[in-house]
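Asker: This is the structure I want to talk about, given as structure tokens.
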Amino acid sequence: MADKGAKGESEATFAKRIDPKKDHLTPEQKQFIQRVEMEQWKKNMQKLRGRNILTGLAIGSMVIGIYGYTFYSVSQEKIMDEIDKEASVAQMKREKTASN
């Protein structure tokens, strides 16, 4: 594998890495590099945007689910409190006997 990489470097001069700060480039070359980098950035941003939307929807649905469940459970507690109050009132109104 190492031999193949060394051989590839000498044959593929078009894929040679350059440092724009150290190597002297013409303005056309710099403009081309900027254009290619911008296209790569846009391509990557489209993928990221899709992932961000999916993540946002997942988090939002979880928040809405938790919020809804909280309201549901609180409303159940109020119903149980009302039932308990009605039961205690019914016990108070019931006639007292020797067996009670």
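The values are calculated or read from the model by the stated rules, or taken from the named source; none is laboratory data. Since the structure is predicted, the reported quantities are computational estimates derived from the model, not experimental observations. Heads up, the Cβs are rebuilt from the backbone with ideal geometry, glycines too, and the neighbour counts pull from every protein chain shown. Heavy atoms of the whole protein, side chains included, go into the accessibility calculation; ligands, DNA and RNA do not. Shrake-Rupley method; radii C 1.70, N 1.55, O 1.52, S 1.80 Å.
Asker: Determine the gain in length on full extension of the stretch A58-Q31; use 0.36 nm per residue of separation and subtract their C-alpha separation, reporting nm with one decimal. Each step should come with its number before you reach the end.
Answerer: Numbers: separation 27, 0.36 × 27 = 9.72 nm, distance 4.03 nm.
Using 0.36 nm per residue and subtracting the Cα-Cα distance, I get 5.7 nm.
Asker: On average, how much accessible surface per residue is there in the range 13-63, in Å², for a 1.4 Å probe, leaving out ligands, DNA and RNA?
Answerer: Working: 5180 Å² over 51 residues.
Heavy-atom accessible area per residue stands at 102 Å².
Asker: Can you give the local net charge around N44? Use residues other than it whose beta-carbon is closer than 13 angstrom to its beta-carbon, Lys and Arg +1, Asp and Glu -1.
Answerer: +3
Asker: Ignoring everything but the protein chains, give the 1.4 Å probe accessible area of T70 in square angstrom, nearest 10.
Answerer: 70
Asker: For the range 19-100, run through the GluC sites (Glu not before Pro) and keep only the ones in DSSP coil with at most 14 other Cβ atoms within 10 Å of their Cβ. Write out the running numbers ahead of the final one.
Answerer: Numbers: sites: E28, E37, E39, E77, E82, E86, E95; in loops: E95.
Qualifying residues, ordered by number: E95.
Asker: Using 0.36 nm times the number of residues separating M80 and R49, minus their current alpha carbon distance, what extension gain do you get?
Answerer: My answer for the length gained is 6.5 nm.
Asker: Another question about this same structure. Once both labels are modelled 7 Å past Cα along the beta-carbon direction, what's the T70-D23 spacing in nm?
Answerer: 5.7
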